[in-house]
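Note sheet for the following structure.
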Amino acid sequence: MNAFQEEQYLLNEVMEGSLNCSHCSILYPIVDGIPRFIPNAFQLFPEFVKKYVKQLDQNGKGSQRLKDFSKTHGATQERFGFEWMNYPGAMDEDFDIFQYETQIDKGQWSGKLVLDGGCGMGRYSRVAHTFGALVIAMDLSGALVRLWDVAKNSERMHLVQGNIMNPPLAPETFDIVYSVGVIHHTPSARESFKQLSNLVKKGGVLSVWVYGAPGSLKNFRTNPLRADRAGLKPWIILVWFIVVVREWLSDLLRLFTIQMPHPLLYALCYPLAALGKIPLIKYLTFSVHPLWRVRLQENFDWLTPPYQSHHTKEELISWYEAEGFTAQKVLPHGFVPKPGVLGVKK
Ligand SMILES: C[S@@+](CC[C@H](N)C(=O)[O-])C[C@H]1O[C@@H](n2cnc3c(N)ncnc32)[C@H](O)[C@@H]1O
């Protein structure tokens, strides 16, 4: 698009306005071209309030809805917003990681209506868009504004600030819903899963990736990746033990880190990112990525979220079955189990 075309395109977008819900009589603002379906939108955008203050009575400052939202999701929204606004940017590796974690290949996206549930700064929404999908990128935080460079030039990218636990989207709408590393950061991963599954059309696909739990030793031993090592039992037990202890220690550490002001925690993640380069010691940190900026982000990403739950592959598969899906693909476990499942709605 040249500058003139871009201007014409933007003329068709509503850059500022409000959406009034006829069912619930709640007013949601559109700020910078993004509809903000979150109860604290008016707190986040005081300039909008100054301009349109008369219309805001319905979302009064002290409303119970706002209080509940701020208590449950406020810190998640703020801390992830900070994280993703500081992340360096989209990278080449995103293409491979995206296809691996969603288990949906490049050729399967074109022409599909897709929801990225919890897109962060949108690194994977970009990939789905590049593969030809029409993408609705949704996140609780305002960091999705980092996708604006794509959204302003394309009719196939739309941004929504919203909550996957209360999605402002019609049921049974999407060909593909994917959510990478998100639902374990909500107060109930199970409930978030249910809400996302409702948005998938019959015959459509849901792909969800969550943090893994080691589960029982028996379960850990018999996962597909280790079946061929059945003879090496002591090693398997040791690995399982390390994974379990690591999880306990990390939970203990997080009791403190989630209380810290996030800029301070971010500063403390610099030395952790530096340690992530040192052989063996690096495994005491939460990222061994070769790039230090990514290690910084991944350490912070581990230590900052108020909610972080862990799940076994079996648990995730049972959720698919309960919501009327057939689980078709399951990611193999690595040393640390990372469950990712793709299911088709019956
Ligand atoms: C670890 S990040 C993953 C972001 C993205 N999927 C990626 O892999 O780059 C988790 C994201 O989930 C979002 N999130 C957490 N709770 C949410 C909720 N209830 N509704 C929508 N997004 C949520 C956070 O704001 C954050 O951007």
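Every read-out reported here was derived from the displayed coordinates using simple, explicitly stated rules and does not represent laboratory data. Because the structure is a prediction, the values reported are computed rather than measured. Counting neighbours? That spans all protein chains shown, and the Cβs are built from the backbone with ideal geometry, glycine included.
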- [ ] Taking 7 Å along the Cα-to-C-beta vector as the label spot, tell me the Asp92-Glu314 distance in nanometres, rounded to one decimal.
- [x] 4.2
Open item on the list: Just to be sure I understand: of the beta bridges DSSP finds with both ends in the chain, what percent are antiparallel, rounded to 5?
Closed with: 45
TODO: Pick out, from Ala327, Pro29, Asn198, the residue whose Cα sits farthest towards the positive end of the charge dipole of the chain, with +1 on the Cβ of Lys and Arg and -1 on the Cβ of Asp and Glu.
DONE: Ala327
Task: Magnitude of the charge dipole, the chain, Cβ model with Lys/Arg +1 and Asp/Glu -1, debye to 20 - done: 880
- [ ] Choose one of Phe241, His262, Val288: the residue whose Cα lies farthest towards the positive end of the charge dipole of the stretch 217-303 (beta-carbon charges +1 Lys, Arg; -1 Asp, Glu; about the Cα centre).
- [x] Phe241
Open item on the list: Whole angstrom only: what separates the Cα centroid of the stretch 134-169 from the Cα centroid of the stretch 269-346?
Closed with: 23
Task: the chain, helix-only ellipticity at 222 nm - DSSP H runs n ≥ 4, -39,500 (n - 2.57), divided by all residues, nearest 500 - done: -12500 deg cm²/dmol
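Let me check I have the definition right: for the stretch 268-311, take the eigenvalues of the Cα gyration tensor, multiply each by 5, take square roots. What are those semi-axes in whole Å, largest first?
19, 11, 8
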TODO: Could you please rank Ser192, Ser70, placing first whichever residue has the fewest other Cβ atoms within 10 Å of its Cβ?
DONE: Ser70, Ser192
Open item on the list: Projecting each Cα onto the charge dipole of the chain (Lys/Arg +1, Asp/Glu -1 at the beta carbon, about the Cα centre), which of Pro167, His185, Thr312 comes out farthest on the positive side?
Closed with: Thr312
Open item on the list: Using a Debye calculation, one point per C-alpha and no hydration shell, please list log10 I(q)/I(0) for the stretch 217-303 at q = 0.17, 0.23 Å⁻¹ in order.
Closed with: -0.80, -1.04
- [ ] Measure off 7 Å from each Cα along the Cα-to-Cβ vector at Val244 and Lys71, then give the distance between these two points in nanometres to one decimal.
- [x] 3.6
Open item on the list: Going by average Cβ density within 10 Å per residue, which order do the peptides 202-212, 286-296, 151-161 take, highest to lowest?
Closed with: 202-212, 151-161, 286-296
Task: Per-pair calculated FRET efficiency, R0 = 45 Å: Ala322 and Met85 via Cβ, rounded to 0.05 - done: 0.80
Task: Least to most buried among Cys24, Cys269, Cys119 (fewest other Cβ within 10 Å first) - done: Cys24, Cys269, Cys119
TODO: Based on alpha-carbon positions alone, could you give the equivalent ellipsoid semi-axes of the chain from the gyration tensor, as √(5λ), descending, whole Å?
DONE: 35, 24, 20
